[in-house]
Amino acid sequence: MSKGILDGIVVLDLTRVLAGPYCGMLLADMGATVYKIEQPKKGDDSRAFGPFVNGESAYYMNLNRNKLGVTLNLKTPEGKAVFIEMVKKADVVIENYRPGTMEKLGLGYEELKKINPGIVYGCVSGFGHYGPYSQRAGYDIIGQAMGGLMSTTGWPGGAPTRTGTAMGDVLGGLGCTIGVLAAVVNKIKTGEGQKVDVALVDSVVSSLEIITQIYLTTGRIPEKIGNRYESTYPYDSFKANDGDVVIACGNDKLFKLLTEQMGQPELVEDERFANNALRVKNHADLKPIVEAWTTTLDIDTIVEKLLAVGIPSSPINTIDRVVKDPHIAVAREMFVEVEHPVAGKTTLTGDHIKFSDKKAEIRTPAPTLGQHNFEVYEELVGLSEAVIKEYIEKGVF
Amino acid sequence: MSKGLLDGVVVLDLTRVLAGPYCGMLLADMGATVYKIEQPKKGDDSRAFGPFVNGESAYYMNLNRNKMGVTLNLKTPEGKAVFIEMIKKADVVIENYRPGTMEKLGLGYEDLKKINPGIVYGCVSGFGHYGPYSQRAGYDIIGQAMGGLMSTTGWPGGAPTRTGTAMGDVLGGLGCTIGVLAAVVNKIKTGEGQKVDVALVDSVVSSLEIITQIYLATGRIPEKIGNRYESAYPYDSFKAKDGDVIIGCGNDKLYKLLVEVMKQPELLSDERFTTNALRVKNHADLKPIIEAWTVEQNVDDIVEKLLAVGVPSSPINTIDRVVKDPHIAVAREMFVEVEHPVAGKTTLTGDHIKFSDKKAEIRTPAPTLGQHNFDVYENFVGLSEEIIKEYIEKGVF
């Protein structure tokens, strides 16, 4: 196994549940040494989230592979002292507590900077570390709702719709990873650290780029338009005789190819559909015409026909199809088997960032609670076995 | 204005439309010098995407601020030679052509590595640069459909639903940015370059972490469940007198606070709702009980009452509310005014990654087509004014 691209970068990961752990996971998969620091006895909240395999949480196991697991009680003086020793030797700290929590512990960025001026401090929270809402709790669904995403997802006349994954958390985790890496680049060059403050709400807002531009430049409030896209048509889902199929024509050339496949080349001459802007405007006329064709065929036949002439088309995969897809699962290795000491053989989601040489890889399963206490506190912090045992008994570890 | 964190990092940005330009934008906002290289006469396809301000595309202007704009025809020998000179001086190249396009031009990663062994080559495409579907065109909607996101977004019994922004593109752009930055860290340390290959489909799959784990660990195929979350309840939207309101109780403590505000403490001992797992199981019983309370009040009143006791709650913001929100728009500076030479005063979406010192900022508006040809080709590449004029006439620039 090759060393990853972030080999040598040391990360202290205080995060829980999704947004923060996803950031720590990406860093670990890319080869950073990530110490997952959990509360003694209890651990990351997501250890209690199902589904479970032999009592181990699949939620936790997926997001914490490749990390070394230690327990540490930051509320005890001994725990604080140990954490400070770790900060001296680290490049990065990440946390996703409610803003102010680390400051109350005397471990905020300003304190840690005094101990290690080069420390990169990444934090993810619902609303960020400043601004009038910063003290509000911010779950993913709050980020999706406040950021405007839900108001533009769903069907005309229907309810605003949450995206089917914790997208606010995912976007927050990705943003924190970007900020931390940019700060690591700067740290290597200048020796200076940085605080990186990412809010779920801001991350959702950033993802709405083009949608928000419609309002900002024209005053029209973008609404729920089903599976259509504001910028091109036909670019939508269509009923086939066994489900829905996606067809996406981003330009005139692809539309012409589509009408040929449909056996209706005269549609290109139809004044309602002569260019992309007109097709967007008259989408309600065009959809039934395309659907009159798609409903006579099954999904796989349509996709095959259209791909053969270069028209983007796909089925709408359910999760079981994704997991078995020869491209996604096999060639791109998006699902990886790993042997967990308690759960046994489990399948985790692989990395979506593919490097030519120093690959992001799943090297080790997620730790059980405090699994690496002796190893880490002896080797990284320099404590004796006797002290470690004492600290475990006292609830420091 | 301070220099950004990525000051000194030189990026050649060959990308078009969304996923790639979003990556280049993030790098430019964080202080990298980004040369946006466009096709002479035509430019980035998104220059033709509305809405327009004085004929300038808001789509383009938002995603290409802070970049220097040059035109270059990579199909001419002179254009290729100029590009190779630029590669010698660059740290990063990013592109989002269909896989194989750069190779056909003789400018694939393997070729560029020979010219500059330290070059970081980032690419975003629908299905990635290897695997059986790599030659398929991959629009955002294809990524959302193939990756499983659409099958889990929407309402029970309803149609699979596309997320209301080009989320596949956004996730691909974020993933490419992470890969490029990790490779820059490695390049600074070792001098070695790297190819970073990110697929929209893989990026969507990665975002579905927990959802996919349900299938992988239990065999149940996650479906469309509206605004609910698989892991906690009540964590949903509820009908209020004047619209829908979000309430998110991720644990027993928050649920207790909610039922107290509802003045129905007996719900705590109701055996259907005593634990989070039971509330998830019996969500169909609990929703109407909560809605009987919410439907009597306005969204703002409910949010205020719940936030006062620490229960996460929010309205479902439409885009006009997001853009005027005092936290999002003002304190967090998620919307920034910039003066464009042609469009005049325009408002762009700000950065969601907030740094303590070297802030990500909008320094300059997006370039008009070829705006910096003379500046860049003289000062960066070292061509004479005469040659630049000649190349413009010949269609090389």
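The values are calculated or read from the model by the stated rules, or taken from the named source; none is laboratory data. Given the structure is predicted, the values throughout are model-derived calculations rather than measurements. Glycine gets a Cβ as well: all are built from the backbone with ideal geometry, and neighbour counts include every protein chain shown. Accessible surface areas use protein heavy atoms only, side chains included; no ligands, DNA or RNA. Shrake-Rupley method; radii C 1.70, N 1.55, O 1.52, S 1.80 Å.
General observations
- Shape of the protein assembly as shown, Cα gyration tensor, a/c cut at 1.5: oblate
- Counting only DSSP beta bridges with both residues in chain B, the antiparallel share comes to about 45 percent.
- Segment B:192-257 - percent relative contact order, Cα under 8 Å, separation 6 or more: 16
- For segment A:50-153, the gyration tensor built on C-alpha atoms gives an oblate shape. Its axis ratio a/c (a ≥ b ≥ c) is at least 1.5, and a/b is not larger than b/c.
- Interface burial for B against A (accessible surface, 1.4 Å probe, total of both chains, Å², rounded to 100): 11900
- Translational diffusion coefficient (Stokes-Einstein; Kirkwood radius from C-alpha pairs) of segment A:289-333 at 25 °C, 0.890 mPa s, in µm²/s: 206
- With all protein chains kept in place, the per residue accessible area of segment A:187-236 amounts to 26 square angstrom at a probe of 1.4 angstrom.
- Here the contact order of segment A:86-196, divided by its residue count and restricted to Cα pairs under 8 Å and six or more residues apart, works out to 30 percent.
- Counting only lysines at least 8 places from A:Lys41 when in the same chain, those with an alpha carbon closer than 17 Å to its own are A:Lys75, A:Lys389, A:Lys394.
- Restricting attention to the protein assembly as shown, close to 50% of DSSP beta bridges with both partner residues there are antiparallel.
- Cα-based Rg of segment B:184-253 normalised by 2.2 N^0.38 Å, two decimals: 1.80
- Around A:Asp202: net Lys/Arg minus Asp/Glu count, Cβ-Cβ under 10 Å: -1
- Average accessible surface area per residue within segment B:54-171, 1.4 Å rolling probe, Å²: 29
- Diagonalising the gyration tensor over the Cα atoms of segment A:224-278 and scaling each eigenvalue by 5 before taking the square root yields semi-axes of 19, 16, 9 Å, largest first.
- In segment B:346-376, burial by the other protein chains removes 20 Å² or more of accessible area from B:Thr347, B:Thr349, B:His352, B:Ile353, B:Lys354, B:Phe355, B:Ser356, B:Asp357, B:Lys358, compared with the chain on its own (1.4 Å probe, ligands and nucleic acids ignored).
- Cα gyration tensor shape for segment A:1-118, rounded if a/c is under 1.5, else prolate or oblate: oblate
- From the Kirkwood radius over Cα pairs of chain B, Stokes-Einstein at 37 °C and 0.692 mPa s returns a whole-number translational diffusion coefficient of 138 µm²/s.
- Mean-position separation - Cα centroids, segment A:327-354 and segment B:244-265, in angstrom: 37
- Under the span-like rule (Cα at least 15 Å along the axis, Kyte-Doolittle mean at least -0.5), DSSP H helices of chain B: B:19-29, B:77-88, B:167-190, B:283-294
- For segment B:262-311, the set of trypsin sites (Lys or Arg not before Pro) satisfying both a DSSP loop assignment and a count of at most 16 other C-beta atoms within 10 Å is given as B:Lys263, B:Arg272.
- Computed from the alpha carbon atoms alone, the convex hull of segment B:238-328 holds 101 Å³ per residue.
- Mean-position separation - Cα centroids, segment B:186-232 and segment B:82-144, in angstrom: 22
- The mean sequence separation of alpha-carbon pairs under 8 Å and at least six residues apart, normalised by the residue count of segment B:1-41, gives a relative contact order of 53 percent.
- Within the accessible area of the protein assembly as shown (1.4 Å probe), percent carbon and sulfur: 51
- Alpha-carbon radius of gyration plus Dmax, which is the widest Cα pair, for segment A:275-373 in Å: 21.4, 65
- Calculated over segment B:123-226: convex hull of Cα atoms, volume per residue (Å³): 120
- Sequence-ordered 3J(HN,Hα) estimates for segment B:98-105 from the Karplus curve with 6.51, -1.76 and 1.60 and θ = phi - 60° stand at 5, x, x, 4, 5, 4, 4, 7 Hz, glycine and proline given as x.
- Solvent-accessible heavy-atom area per residue, rounded to whole Å², over segment B:273-397 at 1.4 Å: 45
- For B:Lys305, the lysines whose Cα comes closer than 24 Å to its Cα, not counting residues fewer than 8 places off in the same chain, are B:Lys239, B:Lys241, B:Lys253, B:Lys256, B:Lys263, B:Lys287, B:Lys324.
- Debye, to nearest 20: dipole size of segment B:294-397, +1 on Lys, Arg Cβ, -1 on Asp, Glu Cβ: 220
- Cα centroid of segment A:281-324 to Cα centroid of segment A:1-68, whole Å: 39
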